[in-house]
Structure formats: C-alpha cells, structure tokens
Amino acid sequence: NSDEGKNHAAAISAALFKQDRKATIFKLKPLLYLPEYKYSFDEDTPIPVGCNFDLKAREGVLPEGFNAANAFAEGWRTELFSEIFFKLLQIVNFAFEIQKVGSFIVKEDGVYEVKTNKDCEEYLTKISSSIEVTALTRDAHNKNWGLLLVFYDRDGVKHEWAAPKELLASKNELCQILLSRGADVLPTEHNKLPEYLMEAKPRARARCVSSPGWHDGIFVTPAKSYGTSDERVLFQTANARKASPFGIKGSLQEWQTHIGNRCVGNSRIILGACLALTGPFIESLKLENGGVNLRGESSTGKTKSATVAGSIWGGKEMVNTWKATGNAIESHARAHNDAVLILDELGQVDPREAGDVAYMLGNGQGKARANVNGDAKDTASWRLLFLSTGEISLADQITAGGGRVRAGQEVRMLNIPSDAGAGMGAFENIHGANNPKEFADGLQHLSETYYGTPAEALLTRITQAGELAKATAFIQQRQAAFVRQYVPATAHGQVSRAASRFGAIAGVGEYCASIGILPLEAGHATWGVLKCYTAWLESRGDNTASEDIRALAQVRGYIERNGESRFTIMQTGFDDNVGQRTINRAGFRKVQGDGSTEYWILPEMFKTEVCEGFDPKLVIRVLKDKGYLESDSAGKSTVTKLVPGLGRMRVYIIKASLMQSVD
C-alpha cells in the first residue's frame, strides 16, 4: 500500500496490455478489514475462525507500506482471504497512450497525419489503422536496419512484424504486406505511411537475424526466440510474404498421445522424428550436414511417415518437394537452418542437378554469386539434416541424367529401404488400424492437427543455463557407444561416418525420451535407428568403400550386358577358334570344366569401357583384393596368353567367381 506498489501494479498492467490489449486484468482493493479470532479451550493461543468468521471493519485506511507480511501477522490466511477475494477485485481498463510522431499522431483507432487548413487550423487525416513502431532492429554488424511494428487486425489479433527498412523504398510492396497481415492502409493520392514510419524514433532496440537457428546462444524461429540475452532477438526477412513453415498447434501432451505413441514399434517413423530433433544439436555435436533417403515403391507409407518428422517443427508446410531448381532447394535449406529439411519424391528433381544438390546440402553452403556490380554476394549457409523420400535412390537419379555417382554424394545422402520388412510397407506396428493405408492416412491427418510442440519443448529446455552442454555430453556418449558396438574395426571410413550420424540421431532420441518429449522407453529410439542403419548397410553391400562396391558392380554389369555378343568363345582346340567373327570385340570367354566362364579382357577395352567412369587402378585393386583377378607369377595384374588371331599378349583375366558372388 504505497505509491511504489501502485506504480508496480500499473507497470505490470501496461506490460500485459502490451502483449494483449484484450487481456482481462484485475487489481485488489485495500484490505480494509481485520479478521476476528477465537481461543482454544486449553491454551491462550489465538487461532483464525476459519470459514465461519466475521470481519471487523478497520478504522481509517491501511497504513502506508502495508504488505502481505503485515496481513499475515494480523491473522490473514488462505481460507480467510478466499472468502472475500472476489469482493476485492477491481478491473483495470486499458488506456491507449496517444503518441506524437513527427507530423503524425498515433491513436488507438489509427495513425493520423496532422494537417493545417487555410485558416491555420489543424485537422487530422487518417492514413492507416493503428500501427506502432516499438523498436528499431539491426543485425550484429549494425546493418539490415528495420522497424518492429505492432498492430491488430479486425479480429483483434495482435501482429508483430520486424519490417526491413529497405521495404520503405517500395511503398506498394510495404502496403501490400501490411494489408495481407490484417492492417488497414487507406488508399490516398500520396501514401504517407512510409513517411510516418521513417519519422518514428523509438528508444528500444532489438537484434535481427535473417535465418532461423542459433545466434549467440539464442535459438530463433520466425515465430519465437528461445533463451535470454541483453537484447531481444527477432527474425527479420525481406521476403516477408513467404509463409513460415514453423508453427505450433495443440499441446505437447496431445502430440504425444496422437502421434508420438504411434511411433512406438515403427523404425522408419522413429528415425524421422529423431532426425528432426537433431537439428539444434548439429553445431554442439560438430556433426556434418547430411541426410537420409527413404526409398521404396509408391503408396507404402514413406511420404506420410515423413509428415511425422515435419510435425516436430510445424504443419504440412514443413514437407517440401524435390520438384524445384537447385537454387530453390538452397533457399529451402537456409530457411530450415538448425532444424530439419524434408524433401518428398526424389524422382522429381532434375537428374542433371541431383548430384550437385546432394553435395550442396551436405556441404551446408550455396553457390557463390555476383551482384550487379560483379562483386561477390554473401553466400548462403546452413546447418541441418534432411529427410528425403523417393521411389528411386540418389544413384539412380544421377545415372538417369548421364552422371556418375560419387562416394561423397552417397555418404551425404544415405539410402534406406522404406520397406520395414513386416509386410506393411514402411510400418511394423499399425497400432490397431484395420490396414497400413488407414494407419498412414491417420498419421498424416494427425500430423496436420498437432504439431510444433516437441521442438518448442526441446528448445525451451536446451536454452536454459548449462542444459545444452549436458544434453550434448549425453548424446555424445550414446553416439560413441553406437559406433563402437555396430561398426567393425575393419570397416571403411565411409561406414564409420554414416554410423556416426545414425548414432547421433539415436542419442538425440534417447535424450528427448529421457526428458519426456518423446513417449518412448529407454533404448527404443536406438532400436529404431539401428534397424534403419542395418537396412542401409545391407542395401549398400558391405563395410567396404562405396567406390569399391560400385567398381565391382560396374565390371559385373559390363560382362552381363556383353558376355555373349562381345566376347569370343574359346573352343577346346586353338585351331577351332579360327574364323569366328565377333563385332566390336572386347575379349574372349573360356568355359571351365564345371560350366563356369572365365573372361579375358583386352587391355584397352578394359581401361576405356570396363572401367569407364572409374580410375582403372582402383578397379584393379578391388578385383585383386576380392580374388577375382588373376595375376601372373610376378604379381602383375595382366597375364600373358596366346590369344586366337592376335598371338601372345597380356590380357586381364576375370575369374568365374566374380559372376558367382553376391558382393
């Protein structure tokens, strides 16, 4: 009961109204009553009467500085206070503070320009609905200045928009964006709104960023910033018309009940959900960019499984399509920095760009471009894991465009069969649904009904002091254990890199389960991710390098295509081979006693055709390591043979075991 207390109450009310001017706020009237007491039978200790008490009116007003401690000393307790609480409530009415901004006045119902008539009398002309400039924004380099605008639409919904100042150069674009967001801008001959915004000089400052993700310990999304800092940090972009894919609908408990519980027992869905939650840890884990591609036949549930990953951060807008140019996908990647990028139907990307896009996403950096003056523009960059779906693999798409698949591309995008092997497409457990289609359709509907809360819960948690470091240590332990347990010591480095990514995703899933975000038992996230890792390894072939596997496949494929037409069969006697004609001959084939066939390949054909797209030395090494290439007594890769029609010469001899193996 003091001026200080009243000022505090007024300040709190003003702050609440600043957040929502439709808020209902009450303040308490002074406690102008004293509680009555009665005494116990066996001692002289006064006790409150309880719910059946009478209040005695206090003489005069409350003493200056009277507070809760004084009321407690007088005998006020919860049960006493609750009896008259609602009688003491007094509503606080919102009062808009009229502002003078240069030659403009901002009222509750609009912004007005102050004009003067011929008699030197002032009058007001309305130019827009009430739009307040509450702060000036700029980035960490004191560039990209902007204005933090606050206004209400006709439904009374509050809008807060960090508008780049550069939009003031285009009156039409600025007005169009404001109109689309619910503000009213009056059509006048001379649009005065940019002039009003330029004259605004708020004292408050805020830091702006142009991409979501981590910025000096603050995690920023287009809708909200998480963490504490000296200045407020806001998302600001010149592309203000583009709808944000991030969003929140429903509660975390609803997401867990309707979506999270359906992840149980479904390895592909678990992988997608855990991968989506890994984005905020990429920097702290020092994890390289990359992703996975769920490959499988149409209508098996892979796309609708991906919507679950999207629901971690937002609604259906989180799922993008591969049907875009490389530049557009680069823009998508930047807009999902430190989150997750979901791309549906790999087959729709231009085959000629597929390989470059995989490299670009994995490298976390876009193309270097020049501005109109020929100077280099700032290069877009990002940190993220991406989830792709498609009926084909990345290798298939690159090959369709006439390109060559490189190991770096395949490591950046790991190809996982979407079929989980349970006879239900991408699912192993349909949780009581009549069939997999019904389960998949339900997943998609629910993912568009409840979304965004898992990411919100995670970001709220890891932006608390010290929590990110604890979470990172937890995840790293499980990541290291995953690699240690499931990667043989003899495995190639490419396998270790992939396993490290799977291990990190599993670790994130275990962490989110431990803090109550994912409704999974301990170890279940690891189970789901491990099944996907095993499926990737099996579809890949073995633990050797990707180039080695493809080199063997290249040689086998060449022989399978050309074995009859371009390899002259070796008859029993040398003279029996005379007169045979083989068009465009690549070599000879010799049938062994057990019916298998050995292939003698001519040196130049081996280098130019059999090894096309590969370093011949690599192909030779792989064939020798696997025991499929015959060597001479000196260990050389070619053997001197008497070749029909050509005489003695050195040839590459591919053993019959190559075509009989399943490497």
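The values are calculated or read from the model by the stated rules, or taken from the named source; none is laboratory data. The structure displayed is predicted, hence computed values, not measured ones. Virtual Cβ from ideal backbone geometry, glycine too; neighbours counted across all protein chains shown. With ligands, DNA and RNA removed, areas are computed over all heavy atoms of the protein, side chains included. Shrake-Rupley method; radii C 1.70, N 1.55, O 1.52, S 1.80 Å.
Restricting attention to the stretch 598-610, and to residues there that are surrounded by fewer than 19 Cβ atoms within 10 Å (Cβ to Cβ) and in contact (Cβ under 8 Å) with a residue 12 or more places away in the chain, which single residue is nearest to SER657 (Cα to Cα)?
Top of the filtered list is GLU598.
Restricting to the stretch 302-325, name every residue that is open to solvent by less than 40 Å² (accessible area, probe 1.4 Å), assigned to a helix (DSSP H, G or I) and either in contact with a His (Cβ under 7 Å, 6 or more places away or on another chain) or not hydroxyl-bearing (Ser, Thr, Tyr) (or both).
Correct list: LYS302, ALA306, VAL308, ALA309, GLY310, MET318.
Of all the residues that make up the stretch 100-130, how many are in a strand (DSSP E or B), in contact (Cβ under 8 Å) with a residue 24 or more places away in the chain and farther than 17 Å from THR188 by Cα?
Adding up the residues that qualify gives 2.
Taking only the stretch 611-626 into account, find how many residues are of a type outside the set (Val, Ile, Thr), assigned to a helix (DSSP H, G or I), in contact (Cβ under 8 Å) with a residue 24 or more places away in the chain and open to solvent by less than 50 Å² (accessible area, probe 1.4 Å).
Looking only at that region, the number is 2.
Among the numbered criteria (1) without any contact (Cβ under 8 Å) to a residue 24 or more places away in the chain; (2) within 24 Å of ALA422 (Cα to Cα), which one does SER299 miss?
(1)
Can you tell me which residue among ALA498, ALA480 is in a helix (DSSP H, G or I), open to solvent by 30 Å² or more (accessible area, probe 1.4 Å) and closer than 18 Å to LEU530 by Cα?
ALA480
Where residues in the stretch 550-572 are aliphatic (A, V, I, L, M) and under 43 Å from the mean Cα position of the chain (by Cα), which of them is modelled with the lowest pLDDT? First the steps, then the outcome.
First pass over the stretch 550-572, keeping only residues aliphatic (A, V, I, L, M): 551-553, 555, 559, 569-570.
Narrowing the set further to residues that are under 43 Å from the mean Cα position of the chain (by Cα) leaves 551-553, 555.
Details: ALA551: 83, LEU552: 86, ALA553: 86, VAL555: 92.
Top of the filtered list is ALA551.
Filter the stretch 167-191 for residues that are more than 26 Å from ALA15 (Cβ to Cβ), surrounded by 14 or more Cβ atoms within 10 Å (Cβ to Cβ) and not acidic (Asp, Glu) and give the result.
Within the stretch 167-191, LEU167, LEU168, LYS171, LEU174, CYS175, GLN176, ILE177, VAL185, LEU186, ASN191 qualify.
Out of the stretch 66-99, which residues are over 11 Å from LEU31 (Cα atoms), at pLDDT 85 or above and open to solvent by less than 40 Å² (accessible area, probe 1.4 Å)?
VAL92, PHE96
Between a residue in the stretch 141-164 that is in contact (Cβ under 8 Å) with a residue 24 or more places away in the chain and under 17 Å from LYS242 (Cβ atoms) and any residue that is open to solvent by less than 60 Å² (accessible area, probe 1.4 Å) and charged (D, E, K, R), which pairs come within a Cβ distance under 6 Å, given they are 6 or more apart or on different chains?
Close Cβ pairs satisfying both conditions: none exist.
If you take the residues in the stretch 326-385 that are small (Gly, Ala, Ser), at pLDDT 85 or above and open to solvent by 50 Å² or more (accessible area, probe 1.4 Å), which one is nearest to ARG241 (Cα to Cα)?
SER331
ARG21 fails exactly one of the following numbered conditions: (1) within 30 Å of LEU186 (Cα to Cα); (2) modelled with pLDDT of 90 or more; (3) not in a strand (DSSP E or B). What is the number of that condition?
With (1) within 30 Å of LEU186 (Cα to Cα); (2) modelled with pLDDT of 90 or more; (3) not in a strand (DSSP E or B) applied to ARG21, the lone miss is (2).
Name the residue that is nearest to CYS274 (Cα to Cα), counting only residues in the stretch 460-481 that are touching a residue at least 24 places away in the same chain (Cβ under 8 Å) and hydrophobic (A, V, I, L, M, F, W, C).
ILE475
Filter the stretch 260-290 down to residues that are assigned to a helix (DSSP H, G or I), among the small types (Gly, Ala, Ser) and open to solvent by 10 Å² or more (accessible area, probe 1.4 Å), then give me how many there are.
Here the count works out to 1.
Any idea which of (1) small (Gly, Ala, Ser); (2) under 23 Å from the mean Cα position of the chain (by Cα); (3) assigned to a helix (DSSP H, G or I); (4) modelled with pLDDT of 95 or more is the one GLY516 doesn't satisfy?
So GLY516 meets the others, but not (3).
Just checking, how many residues over the stretch 402-459 are assigned to a loop (DSSP other than H, G, I, E, B), surrounded by fewer than 18 Cβ atoms within 10 Å (Cβ to Cβ) and in contact with a Phe, Trp or Tyr (Cβ under 8 Å, 6 or more places away or on another chain)?
Going through the stretch 402-459 one residue at a time, the tally reaches 2.
Could you list all residues from the stretch 627-655 that are of a type in the set (A, V, I, L, M) and either open to solvent by 30 Å² or more (accessible area, probe 1.4 Å) or at pLDDT 90 or above (or both)? Walk me through how you get there before you give the answer.
To start, the set of residues in the stretch 627-655 that are of a type in the set (A, V, I, L, M) comprises 629, 634, 639, 642-643, 646, 649, 651, 653-654.
Of everything in the stretch 627-655, those that are of a type in the set (A, V, I, L, M) and either open to solvent by 30 Å² or more (accessible area, probe 1.4 Å) or at pLDDT 90 or above (or both) turn out to be LEU629, ALA634, VAL639, LEU642, LEU646, MET649, VAL651, ILE653, ILE654.
For SER299, only one of the following conditions fails: (1) open to solvent by 20 Å² or more (accessible area, probe 1.4 Å); (2) out of contact with any Lys or Arg (no Cβ under 9 Å at 6 or more places or on another chain); (3) not in a helix (DSSP H, G or I). What is its number?
(2)
Between a first residue in the stretch 171-199 that is part of a helix (DSSP H, G or I) and a second residue that is among the acidic types (Asp, Glu), which pairs have beta carbons less than 8 Å apart while being 6 or more apart in sequence or on different chains?
From the stretch 171-199, the pairs are TYR196/GLU113.
Here is a list of conditions, (1) part of a helix (DSSP H, G or I); (2) at pLDDT 85 or above; (3) among the acidic types (Asp, Glu), and ASP576 meets all of them except one; can you say which number that is?
(2)
How many residues does the stretch 143-166 contain that are farther than 18 Å from SER129 by Cβ and surrounded by 13 or more Cβ atoms within 10 Å (Cβ to Cβ)?
The number of residues fulfilling the criteria is 7.
Can you name the residue in the stretch 247-272 that is under 15 Å from HIS524 (Cβ atoms) and of a type in the set (D, E, K, R) and, of all such residues, is nearest to the chain's Cα centre (by Cα)?
Step by step, filter the stretch 247-272, then rank; the result is ARG268.
Here is a check on your reading of the model: is ALA465 part of a loop (DSSP other than H, G, I, E, B) and exposed (fewer than 13 other Cβ atoms within 10 Å of the Cβ)?
Yes: the conditions hold for ALA465.
For ASP441, indicate whether it is over 22 Å from the mean Cα position of the chain (by Cα) and in contact (Cβ under 8 Å) with a residue 60 or more places away in the chain.
Yes, satisfied.
Among (1) open to solvent by less than 40 Å² (accessible area, probe 1.4 Å); (2) not in a loop (DSSP other than H, G, I, E, B), where does ALA491 come up short?
Failed condition: (2).
Take the conditions open to solvent by 10 Å² or more (accessible area, probe 1.4 Å) and either at pLDDT 85 or above or within 24 Å of the chain's Cα centre (by Cα) (or both) and apply them to ASN543. Does it pass?
Taking the combined requirement at face value, the residue does not satisfy it.
Answer yes or no: is there a residue in the stretch 242-254 that is without any contact (Cβ under 8 Å) to a residue 40 or more places away in the chain, open to solvent by 10 Å² or more (accessible area, probe 1.4 Å), of a type in the set (S, T, N, Q) and in contact with a helix residue (DSSP H, G or I) (Cβ under 9 Å, 6 or more places away or on another chain).
Yes: one or more hits.
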